[in-house]
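Visitor: Structure in structure tokens, see below.
The values are calculated or read from the model by the stated rules, or taken from the named source; none is laboratory data. Just so it is clear, the structure is predicted and the values come from calculations on it, not from any experiment. Note that each Cβ is placed from the backbone with ideal geometry, even for glycine, and that neighbours are counted across all protein chains shown.
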Amino acid sequence: MRLKILFAVASLTLVSACAPTFTAQVARFQVLPPPTGQSFTIEPLDPAKVGSIEFATFAGYVRRGLIDAGFVEAPTPTNATLIAKFDYNVMQGPTQINSTPGWGPACGGWGCGAWGAGAGWGRYGGWGGWGGWGGGWAAPQIYSTDTWNAWTELHIDRAADKTSLFEGRAQTNSTQSAVTFLVPNLVRALFTDFPGVSGQTTTVTFDPTRPPVAPTPVAAVPAK
């Protein structure tokens, strides 16, 4: 019975530990007026991304965020009252060095070397013997994990006079390197409680397996 309880507790712990979460630090500075029908267009902050299909795909998430916030997409860029400038990047971060403790001392529990060493439940075989399920489990393990730094940045200017109305940045450090995973989730974090309190950095956490409705990609800005 005790063994069953131990395994049940261990299983619940593993399920809890494996629950997916995405966490980002979000900083916003804004004097953005409430939406009253203002229209917007989206363009890249980085001129190198002009005409990029990748940029147009990720800009679709920004488009959805702005529409959900109450703004309207302009029929043409020249008709927009707001210009949303968007950028993103993913780069390799520092390598994390981690260690895991063993499952107890080499001699103890159910025999020397956990479940082995001619003691416990057997002599030289079965769940005994020399080694069994022990020994190797007692030693701590050291391993390294690659990490990735990713960020998204959004500026919103008034088209008429180029006045800055919103500046926001979301960033994270992740063991995942896929830009198609990181950027959409960073945009989602950036638009959580949008436009936010000016001058505050907040921690945003959510389940990335339950994303918002997939956005419609924005037409790529043609290269000049």
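Visitor: Look through segment 155-195, keep the residues that are among the small types (Gly, Ala, Ser) and either at pLDDT 95 or above or part of a strand (DSSP E or B) (or both), and return whichever of them is nearest to the chain's Cα centre (by Cα).
Guide: The initial filter retains those residues of segment 155-195 that are among the small types (Gly, Ala, Ser), namely 159-160, 164, 168, 170, 174, 177-178, 189.
Right, trim to either at pLDDT 95 or above or part of a strand (DSSP E or B) (or both) and you get 159-160, 164, 168, 170, 174, 189.
Details: ALA159: 32, ALA160: 36, SER164: 28, GLY168: 17, ALA170: 10, SER174: 6, ALA189: 9 Å.
Within segment 155-195, the match that is nearest to the chain's Cα centre (by Cα) is SER174.
Visitor: Okay, moving on. Only one residue in GLY136, GLY93 is out of contact with any strand residue (DSSP E or B) (no Cβ under 7 Å at 6 or more places or on another chain) and either modelled with pLDDT under 95 or at negative phi (or both), so which one is that? Full working, then the answer.
Guide: Numbers: GLY93 fails: out of contact with any strand residue (DSSP E or B) (no Cβ under 7 Å at 6 or more places or on another chain).
Only one candidate passes the filter, namely GLY136.
Visitor: If a residue must be outside any loop (DSSP other than H, G, I, E, B) and among the hydroxyl-bearing types (Ser, Thr, Tyr), how many such residues does segment 38-96 contain?
Guide: Residues flagged as outside any loop (DSSP other than H, G, I, E, B) and among the hydroxyl-bearing types (Ser, Thr, Tyr) within segment 38-96 amount to 6.
Visitor: Residue check, ASP46 against (1) in contact (Cβ under 8 Å) with a residue 12 or more places away in the chain; (2) surrounded by fewer than 16 Cβ atoms within 10 Å (Cβ to Cβ); (3) over 17 Å from ARG169 (Cα atoms); (4) not aromatic (Phe, Trp, Tyr), all met but one. Which one?
Guide: (3)
Visitor: Only one of ARG28, ARG63 is surrounded by 17 or more Cβ atoms within 10 Å (Cβ to Cβ), touching a residue at least 12 places away in the same chain (Cβ under 8 Å) and under 14 Å from HIS155 (Cβ atoms); which?
Guide: The unique qualifying residue is ARG28.
Visitor: In this structure, does ALA59 turn out to be modelled with pLDDT of 95 or more, within 23 Å of ALA178 (Cα to Cα) and within 22 Å of the chain's Cα centre (by Cα)?
Guide: Yes.
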